[in-house]
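For reference, the structure is listed below as structure tokens.
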Amino acid sequence: DRQTLVAVLQFLRRSNLRESEEILRREARLLGDDLGSSVATVASSSSGVAAVAAVPPGKGEVLLGIAGSLPGEGGRPLPAQFYKLLLYAHAFAVGGGVVVEDQPDVSAVLSAYNQQGDPALYEEYYSGLKHFIECSLDCHRAELSQLFYPLFVHMYLELVYNQHESEAKSFFERFHGDQECYYQDDLRVLSSLTKKEHMKGNETMLDFRTSKFVLRISRDSYQLLKRHLQEKQNNQIWNIVQEHLYIDIFDGMPRSKQQIDAMVGSLAGEAKREANKAKVFFGLLKEPEFDVPLDDEDEEGENEEGKPKKKKPKKDSVGSKSKKQDPNAPPQNRIPLPELKDSDKLDKVMNMKEAARRVRLGPECLPSICFYTFLNAYQGLTAVDITDDSSMIVGGFADSTVRVWSVTPKKLRSVKTAADLSLIDKESDDVLERIMDEKTASELKILYGHSGPVYGTSFSPDRNYLLSCSEDGTVRLWSLQTFTCLVGYKGHNYPVWDTQFSPYGYYFVSGGHDRVARLWATDHYQPLRIFAGHLADVTCTRFHPNSNYIATGSADRTIRLWDVLNGNCVRIFTGHKGPIHSLAFSPNGRFLATGATDGRVLLWDIGHGLMVGELKGHTDTIYALRFSRDGEILASGSMDNTVRLWDAVKAFEDLETDDFTTATGHINLPENSQDLLLGTYMTKSTPVIHLHFTRRNLLLAAGAYSSQ
């Protein structure tokens, strides 16, 4: 915007920063000496510089981009006021409030702690604010108490950075006990930072510095706080609020303690309301139509148990399951999906036949659970997956092997050697049988190739391929025809914690210690998309059933939903108090269930971007979540050696998702999640790390027996 640019250029000229002025002019295409009259007032004050200019939304971004790349005169950096001016200009541009900048380098980040007050008064400032908040009205107290933790951390870091070590220690000792219990782990990290040098390499604190801590507060509570700080002339705290916090103000009733507690707890506070406004196409894609020969006798004439199959009554409904287009579905060609092969169509037909015999689950009809226990794994089992048709199970192990078992009487066989294949009649009907080498038949195949523990495994929907990811930083694609490694995908530089195939095959996602998730296609060496935004490891990844979105859970205690088409983050969900370890989409694509080390399962409405439920019962990390095939039941498996079944229909009915709730985040969670708990099933001493519903709704669970 011209007015803001003029203000900035005038400031540069007054500060004798000609070189920077030129660069800015060139970038903004303001040539000649056309500075115009003094349009914007630039007021210098002790707290920095503010540019008073009316900038329409979205115009300030260009300034921010330049600010990151401007050298000062003679290569020295520009004064802090200049960046501040740009940031304020940008703040006005994006609609008031305080701005989030991109992550700059370490020294630049930490130097923000330079402007300090009197170190001896820090405790007084903090206890003054604490007294004020504790004496305020109940309705404001809960909201304003959110300030305690971010202010405590920033004031402590400011003291440490400016080398007031004894004051920092006494400040920490005095106030760390007041913080909420779910910040204990962060405070442990904080307490180890006692010298300026410690701050340089500490990732957690760098994140805390670079990403503004987001607090959602009602306008009334905010005005109260502002008035108090201005009356008390408490500049130190006000500076921190301006510099390091993002206060997301909403109009309406303040939220209650329960409502706030449900939503806070992540590394960077809550998500801004803006973050969850984008439209998400959560509907399912239309199934391709083809004829389903439902009433013929099955070719084998026998089913698994060995009894002859009965003729089924004619059912039209299965073939014509989703003829109508879901209004919330993405356009069919929004992202390119692989063509259906004949074998895929056959599989779909099989799937529909199985679906016709599916057990309808509900509170009165709970699934049977079949538990696969890995014995003698010596704490070495790190990942499990089961094929969609439940015919194979794979385990990833700490000794870097991947082991595939056949769960049915049909053994695993490799394809014959090239010499033998050339002798086969390619036109014969049973060519697919003939290419298999009977001599290689076995119940178990071991795949060697990784050089570190295998943390994630995933079968392709067509059961021809298997993915595995490891501590060695690679994702490997294995052929289940030859049981050999086809490709090693190198993109992550650190351990890869999870990987998963798209429900349509071809694409897959991986997430790791480098804090990003990557989207790959099996035939590309390089990732197609990189999803960056989490502040800590990406611990788990899941494709949405329509394959247009990917959910990632992270050790920063947030869940993000990413758009595969453009790589944008379209949802940020906060509320867990520990790293996220499991994700599951409901079969209709509308809801997401997430589990974490805090032992809670949270339920989210994707369309409205809201938390709609909290399931309490587990006492340890939840590593496995799965909805039954029709979405009536949610199963959760945990390190507490139990599988629990929850009534998903009841959890999602009568949701209050009116505009007010969506706008302010006033969520109303049912008091008691015990009403939704349908059953708890203990194992002897086996943590549950994977769950899977078969096509007929039998629940398969897996884990390794631990002898302690």
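The values are calculated or read from the model by the stated rules, or taken from the named source; none is laboratory data. Just so it is clear, the structure is predicted and the values come from calculations on it, not from any experiment. Here Cβ is always computed from backbone atoms with ideal geometry, including for glycine, and neighbour counts include all displayed protein chains. We work out accessible area using only protein heavy atoms, side chains counted, and drop any ligands, DNA or RNA first. Shrake-Rupley method; radii C 1.70, N 1.55, O 1.52, S 1.80 Å.
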Q. What about residue 653, is it modelled with pLDDT under 90, of a type in the set (D, E, K, R) and more than 30 Å from residue 220 (Cα to Cα)?
A. yes
Q) Taking strands (runs of 3 or more DSSP E) that fall entirely within the range 338-443, which contain at least 2 residues that are within 31 Å of the chain's Cα centre (by Cα) and small (Gly, Ala, Ser)? A) 392-397
Q: Hey, can you tell me all the residues within the range 397-444 that are open to solvent by 30 Å² or more (accessible area, probe 1.4 Å), among the small types (Gly, Ala, Ser) and closer than 30 Å to residue 473 by Cα?
A: 398
**Q.** Candidates 539, 552 - the one that is open to solvent by less than 20 Å² (accessible area, probe 1.4 Å), touching a strand residue (DSSP E or B) at 6+ places or on another chain (Cβ under 6 Å) and not small (Gly, Ala, Ser)
**A.** 552
Q.
more than 23 Å from residue 271 (Cβ to Cβ) and polar (S, T, N, Q): which single residue out of 192, 211 fits that description?
A. 192
**Q.** Residue satisfying all of: in the range 620-656; touching an Asp or Glu at 6+ places or on another chain (Cβ under 7 Å) and not hydrophobic (A, V, I, L, M, F, W, C); most open to solvent (accessible area, probe 1.4 Å) among these
**A.** 620
Q | Residue among 187, 193, 215 that alone is out of contact with any Gly (no Cβ under 6 Å at 6 or more places or on another chain), outside any helix (DSSP H, G or I) and closer than 19 Å to residue 175 by Cβ | A | 193
**Q.** Sole exception among (1) free of Cβ contacts under 8 Å to residues at least 60 places away in the same chain; (2) of a type outside the set (Lys, Arg); (3) in contact with a Leu (Cβ under 9 Å, 6 or more places away or on another chain); (4) open to solvent by 10 Å² or more (accessible area, probe 1.4 Å) for residue 493, by number
**A.** (3)
Q | Matching entry among 308, 331, 327 (being at pLDDT below 50 and either open to solvent by 50 Å² or more (accessible area, probe 1.4 Å) or at negative phi (or both)) | A | 308
Q) Among the residues of the range 150-164, which ones are part of a helix (DSSP H, G or I) and either open to solvent by 10 Å² or more (accessible area, probe 1.4 Å) or β-branched (Val, Ile, Thr) (or both)? A) 153, 160, 161
Q.
What pairs come out if I take residues in the range 680-700 that are farther than 14 Å from residue 366 by Cα and pair them with residues that are open to solvent by less than 10 Å² (accessible area, probe 1.4 Å) and of a type in the set (S, T, N, Q) whose C-beta lies under 7 Å away, six or more apart or interchain?
A. 682/642; 688/638
Q: Search the range 640-656 for residues that are free of Cβ contacts under 8 Å to residues at least 24 places away in the same chain and under 14 Å from residue 670 (Cβ atoms) and pair each with any residue that is open to solvent by 30 Å² or more (accessible area, probe 1.4 Å) and not hydroxyl-bearing (Ser, Thr, Tyr) when their beta-carbon atoms are under 7 Å apart and the residues are at least 6 apart or on different chains.
A: 656/668
Q | Identity of the residue in the range 374-391, aliphatic (A, V, I, L, M) and over 12 Å from residue 458 (Cβ atoms), that ends up surrounded by the fewest Cβ atoms within 10 Å (Cβ to Cβ) | A | 375
Q: For the range 522-536, enumerate the residues that are in a strand (DSSP E or B) and open to solvent by 20 Å² or more (accessible area, probe 1.4 Å).
A: 529, 530, 532
